[in-house]
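To start, the structure under review is shown below, and the notes come after it.
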Amino acid sequence: MHRFAVFLFFSCTLCASAQSASQAAPASDLQAITLAQQSIAALTGSASINDVTLNANVISILGSDNETGTGTFRAKGVSESRVELSLSNGTRSDVRIATDGIPAGAWSASGGTVTAYAQHNCWTDAPWFFPALSSLSQTGNQNFVFKYIGQEQHLTTLTQHIQVFQLFPQDTTGAFQTLSTMDFYLDSVSYLPIAIAFYVHPDDDMNTNVSIEIELSNYQLENGSQVPFRIQRTLNGGLTLDASVTTVAFNIGLSDTLFLLQ
């Protein structure tokens with residue numbers, strides 16, 4: 001199906017499944033924008049990052065099944081990513097990309113059938129593992145709204161909690177806002193993100209929330225930028241992926257075609 005047709009179908013589904021409410025578009029909080037800018041400055045210094053490649057040793061956990069291996073995490077901008085895991089029992093590839101502003105994604109295991117993500121699971125940040133390319137960097141983009149939630153304790157650290165979501169002219173229900181919301185927990189001293197949280201949903205039910213949290217630690221300076229060398233991903237509070245970064249490369253000119261699974 002053509003992407004535009006998919007978008008129209010998805011938009012109509014949202015309108016049919018949510019209460020219609022016409023209201024003024026929400027505006028960003030100055031405090032949240034300032035904190036996001038401070039975080040990006042702490043992450044990147046004076047460097048300009050267009051793309052990143054992280055190599056890591058990984059542990060993948062699915063219930064009682066633990067697999068070890070290596071992973072390559074690539075990202076380009078805020079909308080493209082590719083994660084490749086080579087594990088003891090096989091491989092897995094996950095990609096995210098946007099075409100004309102419409103996001104999509106797919107995955108495959110051990111070179112098998114390519115399976116598309118449900119589109120309602122594609123509106124959050126593609127580079128979930130690299131905060132310098134996250135929606136924190138979009139303070140100049142009027143389609144992103146920044147909200148200050150407050151100061152709170154998170155993962156034993158005092159943090160500044162901000163929330164970022166996207167606006168879409170076609171959305172009169174607020175459904176896209178919910179699907180695109182990202183929660184960032186910034187260390188109150190360094191402004192480095194220690195955690196990023198968002199929701200995913202069953203393929204056939206965009207209204208059921210499943211919590212994902214990315215825990216970021218062991219930041220190290222690489223070519224003037226702060227990189228989290230420990231990346232842990234939890235699902236409903238349970239650890240599913242533990243990555244220890246071994247090498248980092250910036251701005252090597254990743255091609256858009258890399259972010260397609262065929």
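The values are calculated or read from the model by the stated rules, or taken from the named source; none is laboratory data. Predicted, not measured: the structure shown is a model, and the values here were computed from it. Using ideal geometry, Cβ is built from the backbone for each residue, glycine included, and neighbour counts are taken over all protein chains shown.
Among the residues of region 188-216, how many are of a type in the set (G, A, S) and either buried (at least 21 other Cβ atoms within 10 Å of the Cβ) or in contact with a helix residue (DSSP H, G or I) (Cβ under 9 Å, 6 or more places away or on another chain) (or both)?
Going through region 188-216 one residue at a time, the tally reaches 2.
In region 140-167, which residue that is without any contact (Cβ under 8 Å) to a residue 40 or more places away in the chain and outside any strand (DSSP E or B) is surrounded by the fewest Cβ atoms within 10 Å (Cβ to Cβ)?
T156
I need a count of the residues in region 124-155 that are at pLDDT below 95 and closer than 21 Å to N218 by Cβ.
The number of residues fulfilling the criteria is 1.
Looking at region 88-107, is at least one residue touching a Pro at 6+ places or on another chain (Cβ under 7 Å), modelled with pLDDT of 95 or more and closer than 22 Å to V200 by Cβ?
yes
Please work out which one of (1) of a type in the set (S, T, N, Q); (2) over 29 Å from G101 (Cβ atoms); (3) assigned to a strand (DSSP E or B) is the condition S211 fails and give its number.
(2)
How many of the residues in region 217-258 are out of contact with any Phe, Trp or Tyr (no Cβ under 6 Å at 6 or more places or on another chain), in contact (Cβ under 8 Å) with a residue 60 or more places away in the chain, buried (at least 17 other Cβ atoms within 10 Å of the Cβ) and farther than 20 Å from E80 by Cβ?
Of the residues in that region, 1 qualify.
Take V95 and tell me if it is touching a Leu at 6+ places or on another chain (Cβ under 6 Å), surrounded by fewer than 16 Cβ atoms within 10 Å (Cβ to Cβ) and on the phi < 0 side of the Ramachandran plot.
When the stated conditions are applied, V95 does not pass them.
What residue, among those in region 89-139 that are free of Cβ contacts under 8 Å to residues at least 40 places away in the same chain and charged (D, E, K, R), is farthest from I40 (Cα to Cα)?
Filtering first and then ranking leaves R92.
Here is a check on your reading of the model: is A47 part of a loop (DSSP other than H, G, I, E, B), over 14 Å from N89 (Cβ atoms) and touching a Gly at 6+ places or on another chain (Cβ under 6 Å)?
Answer is yes for this residue.
I'd like the full set of residues that are among the acidic types (D, E) and assigned to a loop (DSSP other than H, G, I, E, B), limited to region 182-208.
Scanning region 182-208 gives D203, D204, D205.
Given the structure, is D65 surrounded by fewer than 18 Cβ atoms within 10 Å (Cβ to Cβ) and under 20 Å from A243 (Cβ atoms)?
yes
With respect to S60, determine if the residue is under 20 Å from V145 (Cα atoms) and modelled with pLDDT of 95 or more.
For S60, the condition - under 20 Å from V145 (Cα atoms) and modelled with pLDDT of 95 or more - is not met.
Considering region 43-62 alone, what residues qualify as being surrounded by fewer than 19 Cβ atoms within 10 Å (Cβ to Cβ) and of a type in the set (G, A, S)?
Those that are surrounded by fewer than 19 Cβ atoms within 10 Å (Cβ to Cβ) and of a type in the set (G, A, S): G45, S46, A47, S48.
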